[in-house]
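All remarks here apply to the structure that follows.
Each reported figure results from applying straightforward, stated rules to the coordinates on display, with no laboratory input. Source: prediction; values computed, not measured. Here the Cβ positions follow ideal geometry from the backbone for every residue, glycine too, while neighbour counts run over all protein chains shown.
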Amino acid sequence: MLIPGAIFSVIAFGLKILFPGEVSRELHLNLSEIIHIIMYPFDNPLREVWFLITLFWYFVLTPLWKLTMRNNTIIFFTMVMLVILFFYHPDIKLLCVGRVFYYAIWFYSGMILCRTNAAEGFISNNKWMTLLLGVAVYALASWISPFFTRVGGILFSLALALLLDKYFPSIFKTFRNYTYQIFLIGIFPQMFIKIVGSHIHLPVFLIWILCIAVGLYIPVLISLIIGKSQNTLLLSCLGLKPKHHG
């Protein structure tokens, strides 16, 4: 997971140096800045890398998550503790440690959803109710807490995805196996469209549509081409697994 993050950070670093006038934050090729980028991923030229570092910490903590899932009582108290950490945690920017505390409740909740099959069970059987509940919670949360804003957004997004999958079963088919690659690569063709679009004065709505299209399907196309090569090094750089035949 970290190898593609490092590879695409280097690519972003190079592009920002080559095209300084087209970026919001210029970079300089020196040792101190490189060290700073590694130690503080949110200042990475590819800022999305903070998410990979945070996920890395969660996977390192896998034995702890397994330990907490022995029974429902431990799960309940773990979730309470993680909710408290969402509100009260040390803001440590080094290696995204602060973000590990901040987002842990959502990672853990996803594990619980998987463990209990809640998404395939209750939520799947009550899609419209979950969708409306998500909208209501999100709308009311602006007066309550950002915690509930996220709860509402998650419920809405999950229900919407299930509804789309029900009525348009092929809608995710072309890219559902390449979400990691879309996350890594998608920003680059989107940046290209934004830069070109601003220079030739394309309508904002058209730029928006093009950004969605290239952000989804350029990474898929690159992944398919590299996947066919079955080159282990290239596959690792893109976060793809080699196919085993047998």
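Summary table below
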read-out: Cβ-defined net charge surrounding PHE87, 15 Å radius [Lys, Arg +1; Asp, Glu -1]; value: +1
read-out: Estimated vicinal HN-Hα couplings, Hz - region 215-228 in sequence order (Karplus 6.51, -1.76, 1.60; Gly, Pro = x); value: x, 8, 9, 5, x, 5, 4, 4, 5, 5, 5, 5, x, 5
read-out: Per-q log10 I(q)/I(0), the chain, q = 0.11 Å⁻¹ (Debye; single scatterer per alpha-carbon; no solvent); value: -0.80
read-out: Angle in degrees between helix 72-87 and the longest Cα principal axis of the chain, rounded to the nearest 10; value: 50 degrees
read-out: Stokes-Einstein diffusion coefficient of region 1-116, Kirkwood radius over Cα pairs, 25 °C, 0.890 mPa s, in µm²/s; value: 154 µm²/s
read-out: Diffusion constant of region 89-195 at 25 °C, which comes from Stokes-Einstein with the Kirkwood Cα-pair radius and 0.890 mPa s, µm²/s; value: 150 µm²/s
read-out: Between 0 and 90°, nearest 10: helix 187-199 axis offset from the chain longest Cα axis; value: 60 degrees
read-out: Hydrodynamic radius of region 56-142 per Kirkwood, over alpha carbon pairs, in Å; value: 14.7 Å
read-out: Rounded Å value of the spacing that divides the Cα centres of region 190-246 and region 33-111; value: 28 Å
read-out: Pairwise FRET efficiency - SER142 versus THR116, Cβ, R0 = 30 Å, nearest 0.05; value: 0.55
read-out: Difference of contour (0.36 nm per residue) and Cα-Cα distance, ASN125 to ILE35; value: 27.4 nm
read-out: Gyration tensor (alpha-carbon) shape descriptor, region 174-246, a/c threshold 1.5; value: prolate
read-out: Computed magnitude of the charge dipole of region 44-153 (debye, nearest 20; Cβ of K, R +1, Cβ of D, E -1); value: 120 debye
read-out: Enclosed volume per residue, in Å³, of the convex hull spanned by Cα atoms of region 117-173; value: 80 Å³
read-out: Calculated P(r) tail over 20 Å for region 38-106, as whole % of Cα pairs; value: 34 percent
read-out: The chain - charge dipole about Cα centre, Lys and Arg +1 at Cβ, Asp and Glu -1, debye rounded to 20; value: 600 debye
read-out: Net +/- balance of residues flanking GLY134 in space, Cβ distance below 15 Å, scoring K and R +1, D and E -1; value: +2
read-out: Cβ-derived FRET efficiency at R0 35 Å, SER229 paired with ILE92, nearest 0.05; value: 0.30
read-out: Given 11 as the ceiling on other Cβ atoms within 10 Å, longest exposed-site-free region of the chain for trypsin sites (Lys or Arg not before Pro) in DSSP loops; value: 71-172
read-out: Cα long-axis angle, helix 49-60 against the chain (0 to 90 degrees, to the nearest 10); value: 50 degrees
read-out: Difference of contour (0.36 nm per residue) and Cα-Cα distance, PHE77 to HIS199; value: 38.5 nm
